[in-house]
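Report on the structure given below.
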Amino acid sequence: MKPGKGGAFVRTKLKNMASGAVIDRTYRGDEKLDQAIIDKKEMQFLYTDAGAYVFMDNSDYEQMTSPREALGTAANFLKEGDSALLQFYDGEIIGST
């Protein structure tokens, strides 16, 4: 937006992919932000271990664990052997689509 008086600004809604929280922020038009890179990878659900969900990467057979909170309601629908499309940020599972 370019108001009649003062510099331009940008109003945004930002979503925290890990927690799902949405916040409103206003930035100056010349302000730079770092881009968050969210990777998606299809993995196979193996089993649960003390509340953590264990997944296996089908390409290199590496196993990763994820807390139930990171999966949200998708955890209710997982069965052993199912494939899931998981979202990663900085090498950690932050959600499922």
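Test LYS32 against the criterion of being open to solvent by 80 Å² or more (accessible area, probe 1.4 Å), within 16 Å of THR97 (Cα to Cα) and assigned to a loop (DSSP other than H, G, I, E, B), and give yes or no.
Here the answer is no, as LYS32 does not meet what is asked.
When you look at LEU46, is it without any contact (Cβ under 8 Å) to a residue 60 or more places away in the chain, among the hydrophobic types (A, V, I, L, M, F, W, C) and exposed (fewer than 12 other Cβ atoms within 10 Å of the Cβ), yes or no? Working first, answer last.
Numbers: without any contact (Cβ under 8 Å) to a residue 60 or more places away in the chain: yes; among the hydrophobic types (A, V, I, L, M, F, W, C): yes; exposed (fewer than 12 other Cβ atoms within 10 Å of the Cβ): no.
When the stated conditions are applied, LEU46 does not pass them.
Take the residues of region 56-89 that are assigned to a strand (DSSP E or B) and more than 22 Å from GLY20 (Cα to Cα): which is most open to solvent (accessible area, probe 1.4 Å)?
Checking each candidate, the answer is GLN63.
Please determine whether any residue of region 9-28 is farther than 30 Å from LYS79 by Cα, exposed (fewer than 11 other Cβ atoms within 10 Å of the Cβ) and among the small types (Gly, Ala, Ser).
no
The values are calculated or read from the model by the stated rules, or taken from the named source; none is laboratory data. Just so we're clear, the structure is a prediction, and the values are computed from it rather than from any experiment. Because the Cβ atoms are built from the backbone with ideal geometry, glycine has one as well, and the counts that use them run over all protein chains shown. Note: areas computed on protein heavy atoms with side chains; ligands, DNA, RNA excluded. Shrake-Rupley method; radii C 1.70, N 1.55, O 1.52, S 1.80 Å.
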